[in-house]
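Chemist: Can you read through this structure? Questions will come right after.
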Amino acid sequence: MFHYDDGLKITRAGLAVDFRRRQPRGFVSHAHADHMARHEMAYATPATGALYRHRLGKLLQVREMPYHAPMKLGEVELTTYPAGHCLGSAMLLADDGKERLLYTGDFKLGDSLTAEPAELPHTDILVMETTFGSPRYRMPPRELVIEQLLETIEAAKSQGKTPVVHAYALGKAQEVTAILTRHGQRVLQHPTIAEVSKVYEKCGAKLGNYGMYRRQTLNGQVVVTLPQSMKGFRLAGLGETVSIAVTGWAVNPSTQARLGVDVALPLSDHADFDELLEAAGRVAPRKIYTTHGPKGFDEHLRNAGFNAEPLLPETQRRLFQS
């Protein structure tokens, strides 16, 4: 059914999955840079396809895979399901008639204003993204984090400072914008973020009352800009600011200092530790392979009764040879 060769490949479909190097056929689960490349033919949901072209090139070839619409490729039937990570993000179900494999990609089970709710079909094999696969990464209730975000913003305004939220240009920035506008905040976005938001809106996402920051006079608006680790995050003319990072890593108390912000809040677009275990239970596979996560999550799965192991190099070699 599949092998792992510096990336997951659906063997009998000739399909590379979330490869960062160019492939003849590449499935793109979502349009974050660490999950895509300029493939000869990309396979993606319509929203991911639009975002993929926006980020890597309008002339790139995309075969659209709407959710729940099976497509035959080689000897394998492929179906996408929402992953809940960002707009258009998808899990991939591969069925060769003998067994079924589900690749989750990045996913989240909780609420979102801008991503389709995650769905987890039953399958034989689960290849599972486990970013927050440590018990320390249990997220507080989303409503509490949003309340803390709004309180931080109002406190900044009361001090005559500009609230500046740092968020990834695709996904988190649109989610935090939708949250803020729904709560009556007016938002101005970094130009790079605003361009992505235009694609979101063309795909049907509703982000509310926002605009692009053009160094105009600020009158109580919240500015959403890029993470401080990214080139070009600085915007001139903001005056005195209160910087706020929104990231699941903020569960770790050291995140505020590490990111160099005034406040770090754990608003996540990944499944936390408990959601990862819940996802495994809902899929109920006979075998789980874990990837993109901390060492030891497979042991937590085995303690919960699952047959699980990480996709370490020795596992990859065995799969490649089988």
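The values are calculated or read from the model by the stated rules, or taken from the named source; none is laboratory data. Treat the numbers as computed from the prediction; the structure is a model and nothing was measured. Methodologically, a virtual Cβ is constructed for each residue, glycine included, from the backbone with ideal geometry; neighbour enumeration extends over all protein chains shown.
Chemist: Looking at segment 150-159, can you tell me whether even one residue there is in contact with a Ser or Thr (Cβ under 6 Å, 6 or more places away or on another chain), at pLDDT 95 or above and not assigned by TED's automatic domain parsing to the domain that holds ALA83?
Modeler: no
Chemist: If we keep just the residues of segment 90-141 that are in contact with a Pro (Cβ under 7 Å, 6 or more places away or on another chain) and polar (S, T, N, Q), which is surrounded by the most Cβ atoms within 10 Å (Cβ to Cβ)?
Modeler: THR123
Chemist: What's the total number of residues in segment 67-95 that are within 24 Å of ALA169 (Cα to Cα) and either part of a loop (DSSP other than H, G, I, E, B) or free of Cβ contacts under 8 Å to residues at least 12 places away in the same chain (or both)?
Modeler: Selection size over segment 67-95: 7.
Chemist: So, one more: If I ask for residues that are surrounded by 16 or more Cβ atoms within 10 Å (Cβ to Cβ) and touching a helix residue (DSSP H, G or I) at 6+ places or on another chain (Cβ under 7 Å), which ones from segment 36-59 would you list?
Modeler: MET36, ALA42, ALA44, ALA50, LEU51, HIS54
Chemist: If you don't mind, another one. Exactly one of these conditions fails for ASP262: (1) under 17 Å from VAL176 (Cβ atoms); (2) touching a residue at least 40 places away in the same chain (Cβ under 8 Å). Give me its number.
Modeler: (2)
Chemist: Which residues, taken from segment 175-195, are assigned to a helix (DSSP H, G or I) and touching a strand residue (DSSP E or B) at 6+ places or on another chain (Cβ under 7 Å)?
Modeler: Across segment 175-195, the qualifying residues are VAL176, THR177, LEU180, THR181, PRO191, ILE193, ALA194.
Chemist: Let me ask something else about it. Just checking, how many residues over segment 1-35 are touching a helix residue (DSSP H, G or I) at 6+ places or on another chain (Cβ under 6 Å) and modelled with pLDDT of 95 or more?
Modeler: 5
Chemist: Next question, about the same structure. With assigned to a strand (DSSP E or B) and over 19 Å from the mean Cα position of the chain (by Cα) as the only criterion, which of ARG63, ARG12 stands out?
Modeler: ARG63
Chemist: Give segment 171-195 a look and list any residue that's closer than 22 Å to GLY57 by Cβ and either touching a Ser or Thr at 6+ places or on another chain (Cβ under 8 Å) or buried (at least 24 other Cβ atoms within 10 Å of the Cβ) (or both), or say none.
Modeler: GLY171, ALA173, GLN174, HIS190, ILE193
Chemist: Among the residues of segment 205-220, what is the count of those that are surrounded by 13 or more Cβ atoms within 10 Å (Cβ to Cβ) and either in contact with a Pro (Cβ under 8 Å, 6 or more places away or on another chain) or closer than 23 Å to LEU87 by Cα (or both)?
Modeler: Total satisfying the criteria: 8.
Chemist: Also, quick follow-up: Only one of LYS161, LYS98, LYS157 is of a type in the set (Lys, Arg) and touching an Asp or Glu at 6+ places or on another chain (Cβ under 7 Å). Can you tell me which?
Modeler: Matching residue, one of LYS161, LYS98, LYS157: LYS161.
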